[in-house]
Each structure stands twice: as structure tokens, then as C-alpha cells.
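Worksheet: one structure, shown below.
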Amino acid sequence: MPPIQRRRQQAVEEDEDEESQHYIQNDENDGSDADDRMAGVERDESSQLIKKLVRYALSCEYSRTPIRRDGIKEKVLGPNGREFKKVFAGAQKQLRATFGMEMVELPTKDRNLLTADQKRKAAKTQTQKEPTSNSYMLVSTLPEAYRSPAILSPSKVQSADGEASYVALYTLIITVIALSDGELSDPRFRRHLARLNAAENMPSLNPNDENAPSEKTELVLQRMIRQGYLVKVVGTKNQGDEDSITWHIGPRGKMEVTNESIAGVIRTVYGGSSDELEKKLQVSLKVKDRKPANAAAQVEEEEEEEQEQEQASPSRGRRRSNRAATEEEDDE
């Protein structure tokens, strides 16, 4: 082959090699760009699911409805059911950072409160794992210093006064049931309501409404049962006997009205704290030891007396030092 044709052929081969390398690089760049775009789409999708779960949790808490796992899969995740853990963790992080709240799992229903049919079903489906409720509610993560009524005022669902009255009612009812070993018969329960002047009517969610300032007690109790504050158990007896009704604390009531809250209600009713009252609270509610208010007042009075004595002591100290100096001179 002549040298001119050989050089032309080498040049064509080099051009083909450069073009093939260029195509390979473009394919690699296109592949990496596609991967980046897919990763970006997945991040955006996860971010949208997290925001959607946060909105769903806030809406459930607004109506005091449990945040159920099935509801999260159906209304939030949809076909992305396998992303539950990732989306749930992201929503928890956003709730803590933005709203000062987090989702906590509600306790399971007490086995003693189950009917015979429910107990049989639970025994059939029982596994080695601990049973879970798969339901959640929002609780505050703020420090204790920021949980005072001046900061966390009643929400304005319909009116702040109605919300405050409703919270006070179910808190007091839960306190009475807790102090009765967690169970209260219906006759005793009705007697307590009569003492509260709430046997027939209770304040409505908007007591400032002139047309409906109050509601029937049964309607308010049904709302407390529906929202998980109370549990009404009807026990059937032999034929001809009346059914026995008992009242218990519901799962939301256990989480929202803790033993510390119950102890605070009792201290308020008794007008303060005392050594005897604190001992009874520790036995019945297992709450932390708290210094009585009168003891704290005594400490403050003692400190004030010591300060007064210290203020009056300099002149006395100077007199004593002068006397000691004169006595030493006389000895010499």
C-alpha cells in the first residue's frame, strides 16, 4: 500500500476512535445525570410525603382523633407503603423542630376491659411479639418551664373558654377514676357528677353562645369516650339481672393526664401541699417527692431572719472585738 493511502487510513481510524470515545463519555455522563435526576425525584417525593404526614398528624390532633398506622398508609403513603419508617422518622424530626411536638404510640387496650369475644380473637391472633396499638397521638416536647398555662393557653377550637372547661372536666373525671383504683361503678360515677353540678348538663364547647351555652351530660361523655379519654364497659349478667356498668381511663386519657397532672389537681383542690398529702400521693400515684409549699415558705422566712441578723451583727461584732482587745491589754 502506498504511504499516502496508509496515512489517510490511519487518520480515518484515529477519527473513528475519537468519535467512539466521545460517544462512550456522553453515554456515561447521560447515565450519571439520569441517576442524579432519579435521586432528586426520590428526595422530592420523600419530602412531600413527610410534609403530608405532618399535615395529617396535625389534623388528627385538632379533632383528637388517633393517628392510625392504617390511616397513614391509606391517606399519606399510598403506593409507597414501604417508605413508612423513613417518612415517619422525617415527620418526627420536622414536628420536633417546627412545632415542638412528636408522635407517641398510644397504649393498648387493657385486656381486662375486653369482652369474651374480643379475648378469644386476641388469643387466636396472639404472637410472641408484644401487642401494639398502631395508633399515635401528638405530645409536647417543650421543656417544663415552657408548659405553663400562660404560654400554652387553651386552643380556640370553638372558644378558649369552652376548651378550658372541657379539659378541666375530663381531667377531674380521670383524677376521680384514678384515685378509685382505675375503676368506678356507674352509680358512684353519677354521684360524683352530681357533686360537680354536672349530672344533667355540662358546659358546651362554646359556652358564650347564648343559644347553646351547655350540652347534655350524656353527649359530652360520649365525646370523651369517642376521643379516648374514658372507657365505658358494660358487663352482662345472668338473665333478669341489670347490666353492670363501669368507667375506666381511656388510652388518650392515660397519655394526656399523667399521674403528675393528677397530683397537681389534688394539690390544687387541697389548697396546697403538706407532708401528709405528699406521702399519700407517693403511695397512691407513685409520683416524685415534692417539697411542700409551707416548708418552702418556712425556709424563706428563716433565710430572711438570717439576713436581718447579719445586717444587725456588724455593730455587735465591733463591740465584741473591742471588748476582747481591752481584756488582752489588761492581761498584759
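The values are calculated or read from the model by the stated rules, or taken from the named source; none is laboratory data. Keep in mind it's a predicted model, so treat the numbers as computed, not measured. With ideal geometry, Cβ positions are generated from the backbone for all residues, glycine too; neighbour counts draw on all protein chains shown. Remember, those area values only see protein heavy atoms, side chains included, never the ligands or the DNA or RNA. Shrake-Rupley method; radii C 1.70, N 1.55, O 1.52, S 1.80 Å.
Listed conditions (1) in a helix (DSSP H, G or I); (2) out of contact with any Gly (no Cβ under 8 Å at 6 or more places or on another chain); (3) under 23 Å from ALA263 (Cα atoms); (4) open to solvent by less than 30 Å² (accessible area, probe 1.4 Å) are all met by ALA168, apart from (4). Taking residues in segment 269-285 that are touching a residue at least 40 places away in the same chain (Cβ under 8 Å), and partners anywhere that are outside any helix (DSSP H, G or I), the pairs with Cβ atoms closer than 8 Å and at least 6 places apart or on different chains are SER284/LEU179. Can you find a residue in segment 128-150 that is open to solvent by less than 60 Å² (accessible area, probe 1.4 Å), over 25 Å from VAL231 (Cα atoms), at pLDDT below 90 and not in a loop (DSSP other than H, G, I, E, B)? Looking through segment 128-150, none of the residues is open to solvent by less than 60 Å² (accessible area, probe 1.4 Å), over 25 Å from VAL231 (Cα atoms), at pLDDT below 90 and not in a loop (DSSP other than H, G, I, E, B).
Screening ILE225 with (1) within 27 Å of ASP110 (Cβ to Cβ); (2) touching a residue at least 12 places away in the same chain (Cβ under 8 Å); (3) open to solvent by less than 30 Å² (accessible area, probe 1.4 Å) gives one miss only, at (3). Would you please name the residue that is surrounded by the most Cβ atoms within 10 Å (Cβ to Cβ), looking only at residues in segment 98-112 that are closer than 18 Å to VAL257 by Cβ and either modelled with pLDDT of 90 or more or touching a strand residue (DSSP E or B) at 6+ places or on another chain (Cβ under 6 Å) (or both)? Looking at residues that are closer than 18 Å to VAL257 by Cβ and either modelled with pLDDT of 90 or more or touching a strand residue (DSSP E or B) at 6+ places or on another chain (Cβ under 6 Å) (or both), I get LEU106. Taking the numbered list (1) of a type in the set (S, T, N, Q); (2) under 28 Å from CYS60 (Cα atoms); (3) outside any helix (DSSP H, G or I); (4) open to solvent by 60 Å² or more (accessible area, probe 1.4 Å) in turn, ASN211 passes all entries but (2).
Pairs linking a residue in segment 247-262 that is farther than 18 Å from TYR166 by Cβ to a residue that is open to solvent by 20 Å² or more (accessible area, probe 1.4 Å) and of a type in the set (Phe, Trp, Tyr), with Cβ atoms under 9 Å and 6 or more positions apart or on different chains, do not occur. Considering segment 228-258, and only residues there that are outside any loop (DSSP other than H, G, I, E, B) and at pLDDT below 90, the residue that is least open to solvent (accessible area, probe 1.4 Å) turns out to be GLY235.
Annotation note: Cβ proximity below 6 Å between a residue of segment 82-101 that is within 17 Å of ARG147 (Cα to Cα) and a residue that is of a type in the set (Gly, Ala, Ser) and open to solvent by less than 20 Å² (accessible area, probe 1.4 Å) (sequence gap 6+ or interchain) occurs for no pair.
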